[in-house]
Amino acid sequence: MPEWSFTLLVNQPLTAEQADAFDHCDAFADGAVSYTLGPENPGDHARVPDSSALEELSCDIDAPTLLDAVAQVARAVRLVPGLRAVGVRYDDIVTLEEAAQRCGRELSRRREEFTGFPDPEPGTGGTEFYSWRKIAEWLARVGDDVPETPPDLIVADRALRLADALEDADVPPGTLRALGLPATRVSPSPPRGV
């Protein structure tokens, strides 16, 4: 089963209590999802060099599809009181294996067939990392039509953003149905093994 790497955005920085709940939740026991814990005082979050990282979970999930992987983590996050997924994104920096997974093509042969494959990003040390944006541009130049953002990621991000927007909204059931949405909210069921 493929492993999918992505960043899940959550509605707030984790509190110490939420981090404790996260650390003791069976759904996260395998270490495939990690977080950055900020200062105890929320007023100090702005002093963190990259405070947006406090509202992100780094995920490496085994699942049949990217959409399945995102759904699995989004459902598990709801097990932590007060925490919910509000979006998802890919990072630009990838290994060749991750880039091949994103585009559904074997890249080592392709880069030997055509010139101009992007160089690894500088300063990455032992493992070579590349810019996904540059690889997608190169694939387009050699005739492969690869979207910079995979459809599964777009669907997952939009669904999470919509669910977040509807979280506390008072939208009449008829309006939801007219928009093609379920008229009632369904509580997420906890993943197995929790």
Taking +1 at the Cβ of each Lys and Arg and -1 at the Cβ of each Asp and Glu, which of I135, V171, V80 sits farthest along the dipole of the chain towards its positive end, judged by Cα position relative to the Cα centre?
-> V171
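Write down the accessible area per residue of the chain in Å², having rolled a 1.4 Å probe over the full set of protein chains.
Each residue of the chain exposes 59 Å² on average to a 1.4 Å probe.
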Over the chain, with every protein chain in place, what whole percent of the accessible area is carbon and sulfur at 1.4 Å, could you tell me?
-> 50
Using only alpha carbon pairs under 8 Å that are at least six residues apart, calculate the relative contact order of the chain and give it in whole percent.
-> 25
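Where the only charges are on Cβ atoms (+1 Lys, Arg; -1 Asp, Glu), what is the dipole of the chain about its Cα centre, to the nearest 20 debye?
720
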Go through Y35, S5, P118 and say which Cα lies farthest out towards the positive end of the charge dipole of the range 1-151; charges sit on Cβ, +1 for Lys and Arg, -1 for Asp and Glu.
-> P118
Out of residues 5 or more away from A63 or on other chains, whose amide H comes under 5 Å of its own, with H placed 1.01 Å from N in the peptide plane?
-> W4
The range 66-133, convex hull of Cα, quarter of hull surface, nm² -> 6.5
Helix-only mean residue ellipticity at 222 nm for the chain, each DSSP H run of n ≥ 4 adding -39500 (n - 2.57), per residue, nearest 500 = -10000 deg cm²/dmol
Mind checking the log10 I(q)/I(0) for the range 1-123 at q = 0.11, 0.12, 0.14, 0.17 Å⁻¹? Debye, one equal scatterer per Cα, no solvent, two decimals.
-> -0.47, -0.54, -0.69, -0.90
Given a Förster radius of 41 Å and the C-beta distance between D30 and D170 as r, what FRET efficiency does 1/(1 + (r/R0)^6) yield to the nearest 0.05?
-> 0.60
Cα-Cα pairs in the range 72-181 separated by more than 25 Å, as a whole percent of all pairs, come to 43
Taking the simple approach of a point 7 Å from Cα along Cα-to-Cβ for both R105 and R177, what is their distance in nm?
-> 4.7
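The values are calculated or read from the model by the stated rules, or taken from the named source; none is laboratory data. All values derive from a computational prediction rather than experimental measurement. Neighbour counts are summed over all protein chains in view; Cβ atoms, including those assigned to glycine, are modelled from backbone coordinates with ideal geometry. Protein only, heavy atoms only, side chains kept; ligands, DNA and RNA dropped before computing areas. Shrake-Rupley method; radii C 1.70, N 1.55, O 1.52, S 1.80 Å.
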